[in-house]
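Remarks on the structure that follows.
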Amino acid sequence: QLRELGLSVKGFDTASNVGGTWYWNRYPGAKFDSESYIYQYLFDEKLYKDWSWSERFPGQPEIERWMNYVADRLDLRKDFQFNTTIKTAHYDEATGRWRLTTTAGQVIDAQFVISCCGMLSAPLENVFKGQETFKGRLFHTSRWPKEELDFSDKRVGVVGIGATGIQVIQTIAPRTKQLTVFIRTPQYITPMANPHYGPAEVAAYKARFEELKQTLPRTFSGFEFEFPPGAWNDLTPAQKRERLEANWAWGSLKLWLATCPELFTDEAVSEEVSEFVREKMRERLKDPKLCEMLIPTDYGYGTHRVPLESNYLEVYHMPHVKAVSVKNNPIECIVPEGVKLADGTVHQLDVLILATGFDAGSGALTRIDIRGKGGRSLKEDWGRDIRTALGLQVHGYPNLFTTGAPLAPSAALCNMTTCLQQQTEWITACIQHVRSQGKRVIEASKELEDKWVAHHDEIANATLVTKTDSWYMGSNVKGKPRRLLSYIGGVGQYRQKCEDLAQSQYAGFEIR
């Protein structure tokens, strides 16, 4: 898009190749949880139709191949510099330009900076004291090595049972000599139905291109799902049960994103749906001790990230798998032999896998020394209060555009390709507008940012999501300001607000 405007563009990436999250997250079992046919770019019908997926939820190797296919088809590599990490980005008020430096000492001069650093790309790696003393091998899931690993004679420990931890556990359990899972916060799960696609299935989803192009950007979540009309409590108990069973059987995020909007706002409805899921989990777990450890009771279904799984719960019935609760007996430190708990118990391990998550939404940017007007620091600003104007700019940082940043749906609550395509198209059009006016600098005003933050918070605080501790709220990072990182007013509503801003000639932005 930017090349078509005649701009000189350069991309920088720490990785050695394209793929973003699908380059880094190559842990065993890494898969889509968006259906493959919607996790797509919809700006080019031929690009969409010339790639065929093998199944509904493909694994990381196939996804990485698709990312390379896209990069090659769009001839992107010639404008990218890999194996390059941006260390600083400082705005020069005198010139209205940015000066960036890399860890290797390279200096880059740019008029506009667009951050595409990812919403889940700043891993929480140094979580426990003593990690460096561990005598075995230690991995963070998002920094998984490229080579194949053999766990057949290994005692393996996994810390973390979020979406990633679940994928790892269900995949490696049969391959280990012994598997110990350290469980703090139990998770609601939803079974993944993952049919393989033959020619007929591929032809069927490709025939929907125009429909998907029109509908995905306007739904609540950027998925193909939408909430049915009518109030949940107007349904009979039989009708409610029928909808829950149908959405559960669909085997995707449909139960979360298409049962009813009241799931996000009404405690009684949340409890009703949550108990339905708990019932499904109890049927499979059976063991009361496992049920107590693995089934949530103190927060509602969908107020945390919802993981899809394949026979995950059954793993805990395997004789060589041990579930260890660390809720009231937390991990104190890592010792050379393994994991030491607060009561002094040491679990001996050969391999330790940390599925300990990320400094989500804001962490990728605050790990770069970004300085705006007057030398103000983004890390310090967001350390006090995480604020943006529609997740597209931050007041005080002219000509810096952000994607996948806080206070936009793309920070967490969206099918990412839907939201990121929308944001990049908006940013491109905005830059074009600035240039067409003969201007050089654009900055979100404080008034626009204040107005957006107030609107974001009003919607967020009406939901149950803000009443739950999770990475959605930044609760997993000590000292991080508490605010829902993602806009929850809906992808379609967000898009409309962005379109309204563009049609108003970017009212609320200072262009000079």
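Only the coordinates and a few stated rules stand behind these numbers; no lab work does. From a predicted model like this one, the values you see are computed outputs, not experimental measurements. Neighbour counts are summed over all protein chains in view; Cβ atoms, including those assigned to glycine, are modelled from backbone coordinates with ideal geometry.
What's the ranking of 198-205, 478-485 by average number of surrounding C-beta atoms within 10 Å, highest first?
478-485, 198-205
Suppose R0 equals 30 Å. What FRET efficiency, 1/(1 + (r/R0)^6) with r the Cβ-Cβ distance, do ASN329 and ASN126 give to the nearest 0.05?
0.85
Can you give the Rg and Dmax of the chain based on its C-alpha atoms, in angstrom?
Rg then Dmax for the chain, in Å: 23.2, 70.
Pairs LYS379/LYS478; LYS240/LYS497; LYS154/LYS340: which are spaced more than 25 Å apart, C-alpha to C-alpha?
The pairs that break the limit, which is 25 Å between Cα atoms, are LYS240/LYS497.
For the stretch 456-462, in order, what is each residue's ³J(HN,Hα) by Karplus, 6.51 cos²θ - 1.76 cosθ + 1.60 with θ = phi - 60°, in whole Hz (x at glycine and Pro)?
My calculation for the stretch 456-462 gives 4, 5, 4, 5, 4, 6, 7 Hz in order.
Can you work out the Karplus-derived ³J(HN,Hα) for every residue in the stretch 128-136? Use 6.51 cos²θ - 1.76 cosθ + 1.60 with θ = phi - 60°, whole Hz, and x for glycine or proline.
Calculated HN-Hα couplings, in order: 10, 4, x, 4, 5, 8, 4, 7, x Hz.
With the cut-off at 16 Å, report for the stretch 44-156 the share of all Cα pairs above it, as a whole percent.
Every Cα pair in the stretch 44-156 considered, those over 16 Å come to 78 percent.
Between beta-carbons, use under 14 Å as the cut-off and find the net charge around VAL477, counting Lys and Arg +1, Asp and Glu -1.
That sum, taken over residues with Cβ under 14 Å, equals +3.
Between the stretch 168-217 and the stretch 270-306, what's the alpha-carbon centroid distance in Å?
20
Taking Cα pairs under 8 Å and at least six residues apart, what relative contact order does the chain come out at, in percent?
21
Over all Cα pairs of the stretch 395-440, how is the pair count split among 10 Å bins, expressed in % and running from 0 up to the last occupied bin?
P(r) over the stretch 395-440, rounded to whole percents: 25, 45, 26, 4.
Summing -39500 (n - 2.57) over the DSSP H runs of n ≥ 4 in the chain and dividing by its residue number, what mean residue ellipticity at 222 nm do you reach, to the nearest 500 deg cm²/dmol?
That comes out to -9000 deg cm²/dmol.
For VAL441, list long-range residues whose amide hydrogen, built 1.01 Å from N in the peptide plane, is under 5 Å from its own amide hydrogen.
ARG512
How large is ³J(HN,Hα) for each residue in the stretch 209-226, as worked out from phi by the Karplus curve 6.51 cos²θ - 1.76 cosθ + 1.60 (θ = phi - 60°), to whole Hz, x for Gly and Pro?
3, 5, 4, 5, 4, 7, 8, 3, x, 10, 7, 5, 10, x, 8, 7, 7, 9
Please sort 52-59, 470-477 by packing, taking for each peptide the average over its residues of neighbouring beta carbons within 10 angstrom, highest first.
Result, highest mean Cβ count within 10 Å first: 470-477, 52-59.
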